[in-house]
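Inspection log for the structure reproduced underneath, given as structure tokens.
Read-outs throughout are calculated quantities, based only on the coordinates presented, and are distinct from any laboratory measurement. Computed from a predicted structure; not experimentally measured. In this analysis, Cβ positions are derived from the backbone assuming ideal geometry, glycine residues included, and neighbour counts consider all displayed protein chains.
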Amino acid sequence: MAVASSGTAARERPPVGGRSLRHFAWDSLTPFLLIAPSVVLIAVFVYGFIGYTAYVSTTKWYGINPDYTSVGLRQYTDLFGLPRFQADVSNTIEFTILFLLGCILLGFGAAILLDQKLRGTIFFQNVFLFPLAISFVVTGTVWRWMLNPNFGINLLFDQVHLGFLKSPWLADTHTALYGLVIAATWQMSGFCMAMFLAGLRGIPDELREAARVDGASELQGFLRVILPLMRPITLSAVIILGHISLKIFDLVVVMTNGGPGYATDMPGFYMFVATFRQNLYGRGAAIGMVLLVMVAVLIVPYLVWSMRQEVER
Amino acid sequence: MSAATTITPRRRWLTPWAVFGYALLLVVSVFYLLPVYVIVVTSLKSFIEVSHTTPWQLPSAPTLEPYGAAIEKLLPSFINSVELVVPATLLSALLGSLNGYVLSKWRFRGADLLFTLLLFGMFIPYQSVLIPMVLVLEKIGLYGGLPGLILVHVVYGIPICTLIFRNYYAAIPNEVLEAARIDGATVLGIYRRILVPLSIPGFVVVLIWQFTSIWNEFLFALVIVADPDQQPITVALNGLAGSLLAQYQVQMAGALMTALPPLVIYVLLGRYFIRGLLAGSLKG
């Protein structure tokens, strides 16, 4: 209390030549006190919890009651031998590649169109961006119905004479994953568009002019000047959307529950099912750790690179 | 003269391209707007009409009945979501702004490393923390209802909020702070009287971002809230599909109801929403 009041006095009437040493010493601790709650929370909820999950993944815990009998790496070897998890891994890879391609092509195409100084582009920009504000659960609810082979989009294709586009969509093991890709791309491609558009608008006019003055055609200028400048943005988009794609959960639950068969099962969904529906805690923890490693491989170099770049700036 | 020659070829090149550009923009727009059309049209049909018409046909006798049914089913969870989102958003914004202030203006040794470790928290798959999270929430008596979910959203919201505020405060010149410091202002005094008033747009970005993310979230809500009376609206909407299997008109009305608050915010404050979005790629 005494310290606090001396601090107040110092604030109101600072002594000539600086503040009192005591005031300085106490106040210099304030920054640490301000971030302490967050640091403790993150230390526990992120790093502590990851450590605990890693520990659970080395135990044989199944059933409601914890069982910490060590089984070494058995959970992991079992997991990778499991047909369901093998399907999960290949589904995730296929989904991620298609989803990234869809988002980048659609997003870049839309960004180029919106960069053309046409009138009314704000309207279109909002049309491409609004799905980002919506829950995956809403997206899944709507697309689940639109991709219902008997009631949904197929009927529209009939009506507008595009019958060849008809597909069993979510009802068939061969096409269900594409249904998920379409819904996810619908939701997230605007993110790519926003990133590319910000990048395109950041290119100074002199640079575009320079390409033109050199006698390059519009297309050559685009390929030689604009496209290389988009490379770091594409990398960012791949990493950010890629890690979202690896973790995908909501759309799977809402649209397919992993089916038919394991056609749309993903690690993020199987972790939930194994842990909270089948009580296979050891296996759930192992899936969680595999997911974490996949995401970390993508994100950690990017994080370090971003921070280095910032220090240089 | 030289200005005219650079402008003229541009104009001529623009006109056919503009037509082509609009045509392409319209085609792409159909893809984005089709689900909106389906939601609106379907939610205005009666059950009988839904089963006898295609989703693309306009309702012959528009009815608000599906909305009545959706509100009856989802209103309690809508209120739950409001009770979840408001405190969680405010708390994470407060923590984020304090962290951002310290990490941008009171840089100590290791501050960048600490910041990087903090940021990693926003990328982790939550599946890798769910098991201990449930155990801890059970132990402290917060498992099963909204308070536990609020805590979890506040904690995992810290990284993105800190990031946005740190970038925001970095643009405020240090001289302003040094001047205040010489005048005898304390660390907290500088935050309250200088940083907070200057950071209203930063708060808008963070509040919008957190509101939207937490409103839309599904995994934590599904795992943590065991009590059906405390379910947030995303969980309830998904439950609707199970209980009203073929009642697509009610499902669509419910989907619209769930999407409404974030959409209203997007329409009113879209620019801030996009800033939050781009901040998430670490480059905003």
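What residue among B:LEU177, B:LEU26, B:GLY157 has its Cα farthest toward the positive end of the dipole of chain B, where the charges are +1 on Lys, Arg and -1 on Asp, Glu, each on the Cβ? Checked the options; the winner is B:LEU177. Of the residues B:PRO197, B:PRO232, B:PRO147, the one that moves most in a GNM of chain B with alpha-carbon contacts below 10 Å is B:PRO197. For the segment B:29-41, counting C-beta atoms of other chains within 10 Å of every residue's C-beta and taking the mean gives 5.
The H on the amide N of B:TYR143, modeled in the peptide plane, is under 5 Å from the matching H of B:GLU138, each at least 5 residues off or on a different chain. Residue-wise HN-Hα couplings along segment A:48-60, as the Karplus relation 6.51 cos²θ - 1.76 cosθ + 1.60 with θ = phi - 60° gives them from phi, are x, 5, 4, x, 5, 4, 4, 5, 4, 5, 9, 10, 9 Hz; Gly and Pro carry x. Per residue, the convex hull spanned by the Cα atoms of segment B:65-279 measures out at 139 cubic angstrom.
Largest GNM mean-square fluctuation among A:GLY242, A:GLY288, A:GLY51, using chain A with Cα springs under 10 Å: A:GLY51.
Here the dipole of segment B:65-279 is about 740 debye; that uses its Cα centre as origin and unit charges on the Cβ of Lys and Arg (positive) and Asp and Glu (negative). In order along segment A:65-76, phi translates into HN-Hα couplings of 8, x, 9, 9, 4, 6, 10, x, 9, 3, 4, 6 Hz, rounded to whole numbers, per the Karplus curve 6.51 cos²θ - 1.76 cosθ + 1.60 with θ = phi - 60° and x for Gly and Pro. If R0 is 22 Å, the Cβ-Cβ spacing of B:LEU90 and B:ILE140 corresponds to a FRET efficiency of close to 0.55. Membrane-span-like helices in chain B (whole DSSP H runs, Cα extent of at least 18 Å along the helix axis, mean Kyte-Doolittle hydropathy of at least 1.0): B:2-42, B:146-170, B:200-216, B:248-279.
What is the protein assembly as shown by shape, rounded, prolate or oblate, if you read a ≥ b ≥ c off the alpha carbon gyration tensor as root eigenvalues and call it rounded for a/c under 1.5, prolate for a/b larger than b/c, and oblate otherwise? In terms of gyration-tensor shape, oblate.
Among B:LEU98, B:LEU195, B:LEU34, the largest mean-square fluctuation in a Gaussian network model of chain B, built with springs joining Cα atoms closer than 10 Å, belongs to B:LEU34. Computed 3J(HN,Hα) for segment A:250-257, one whole-Hz value per residue from the Karplus formula 6.51 cos²θ - 1.76 cosθ + 1.60 where θ = phi - 60°, is 3, 4, 5, 4, 6, 8, 9, 6, glycine and proline marked x. Taking Cβ atoms as reference points and 14 Å as the exclusive limit, the residues near B:ALA61 contribute a net charge of -1, counting Lys and Arg as +1 and Asp and Glu as -1. In this rough spin-label picture, where each label sits 7 Å from Cα along the Cβ direction, the B:ARG109-A:GLU312 distance is 2.7 nm.
Dividing the summed helix terms, -39500 (n - 2.57) for each DSSP H run of n ≥ 4, by the number of residues in chain B produces a 222 nm estimate of -25000 deg cm²/dmol to the nearest 500. Based on the alpha-carbon gyration tensor of segment A:163-238 and its eigenvalue square roots a ≥ b ≥ c, which shape applies: rounded if a/c is under 1.5, prolate if not and a/b is larger than b/c, or oblate? Verdict is prolate for segment A:163-238.
Shape class of segment B:87-129 from the alpha-carbon gyration tensor: oblate, with a/c at 1.5 or above and b/c at least as large as a/b.
Computing FRET efficiency as 1/(1 + (r/R0)^6) for A:VAL293 and B:ILE48, where r is the C-beta to C-beta distance and R0 is 60 Å, gives about 0.70.
What FRET efficiency do you get for B:VAL176 and A:LEU162 if R0 is 60 Å and r is their Cβ-Cβ distance, rounded to the nearest 0.05? Efficiency at R0 = 60 Å is approximately 0.45. Between the amide H of A:THR59 and those of A:VAL71, distances stay under 5 Å, these residues lying 5 or more places away or on another chain, with hydrogens modeled in the peptide plane.
On full extension, the segment bounded by B:GLU72 and B:LEU33 gains 11.3 nm, given 0.36 nm per residue less the C-alpha separation. Taken as Cα centroids, segment B:161-223 and segment A:118-158 sit 35 Å apart, rounded to the nearest whole angstrom.
What's the magnitude of the charge dipole for the protein assembly as shown around its Cα centre, counting Lys and Arg as +1 and Asp and Glu as -1 at the beta-carbon? Answer in Debye, nearest 20. For this selection, approximately 1340 debye. Extending 7 Å from the Cα toward the beta-carbon at both A:ASN279 and B:ARG193 defines two label points whose distance is 6.1 nm.
Only helices enter this figure: runs of n ≥ 4 DSSP H residues, each worth -39500 (n - 2.57), summed and divided by the residues of chain A, yield -21000 deg cm²/dmol at 222 nm to the nearest 500. Each part gets one Cα centre, and for segment B:233-284 versus segment A:257-289 those centres are 25 Å apart.
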